[in-house]
Amino acid sequence: DNRKKKVDAFSNYISKLGGIMAGAFSVQRIIGFTKEITELSTKASGVRKAFNNLNSPNLLSQLRQATQGTVDDLQLMQRAVQAKNFKIPLDQLSTYLKFASHRARELGGDVDYFVDSIITGLGRESVMILDNLGISAAEIKDNMKDGATMAEAVGKIISEQMKSAETEIDKAALATDRLAAS
């Protein structure tokens, strides 16, 4: 009987300790979450300011439409600012992002990765990065023979490839990408 009381007391102590530990971990998670939200808000504020300085009022809605809602606004604004810094024509940006999101679905890849690849590939004029999107070096070189810039050559290739692209979109993949973006 005495042994049972000790076991019960010990079990009660462990239960209370478990509750205290769970509460402590919950508080730690809440603090961590709050810190992440604050950092994200600060980051987003700077990106939004830089994006607004682009002076292109319809750009965000065009980019949303081009990616069919599969890329979050912060990422779209970051890529637009990056494109401007890389001297990529902003009037072609939605076409580039539409192609990147289409390729992501077509190849079963991550939309953000493909969007990043097209911007970085064009900005660095890197055929190796653009190759990730299925754009061949030979095709780029052929389209640059007439004095076109890499961005113009890639734009022409994208236009040709998008004409022959399948118009039926994998709706399940699109829905998943939209959910991830939101």
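The values are calculated or read from the model by the stated rules, or taken from the named source; none is laboratory data. Computed from a predicted model, the values in this text were never measured in an experiment. We place every Cβ from the backbone using ideal geometry, glycine too, and count neighbours over all the protein chains shown. Surface accessibility is based on the protein's heavy atoms, side chains included, excluding ligands, DNA and RNA. Shrake-Rupley method; radii C 1.70, N 1.55, O 1.52, S 1.80 Å.
Within the option set Y96, Y113, being on the phi < 0 side of the Ramachandran plot, without any contact (Cβ under 8 Å) to a residue 24 or more places away in the chain and part of a helix (DSSP H, G or I) holds for one residue only, Y113.
Just one of (1) open to solvent by 60 Å² or more (accessible area, probe 1.4 Å); (2) touching a helix residue (DSSP H, G or I) at 6+ places or on another chain (Cβ under 8 Å); (3) more than 13 Å from L63 (Cα to Cα) fails for R124. It is (2).
Counting residues in segment 95-108 that are over 16 Å from I158 (Cα atoms) and out of contact with any Leu (no Cβ under 6 Å at 6 or more places or on another chain) gives one or more.
Any residue that is open to solvent by 50 Å² or more (accessible area, probe 1.4 Å), under 26 Å from Y113 (Cβ atoms) and modelled with pLDDT under 70 - is there at least one of those in segment 58-73? Among the residues of segment 58-73, not one is open to solvent by 50 Å² or more (accessible area, probe 1.4 Å), under 26 Å from Y113 (Cβ atoms) and modelled with pLDDT under 70, which makes the answer no. Picking from residues in segment 74-93 that are in contact with a Gly (Cβ under 8 Å, 6 or more places away or on another chain) and in a helix (DSSP H, G or I), the one that is least open to solvent (accessible area, probe 1.4 Å) is A83.
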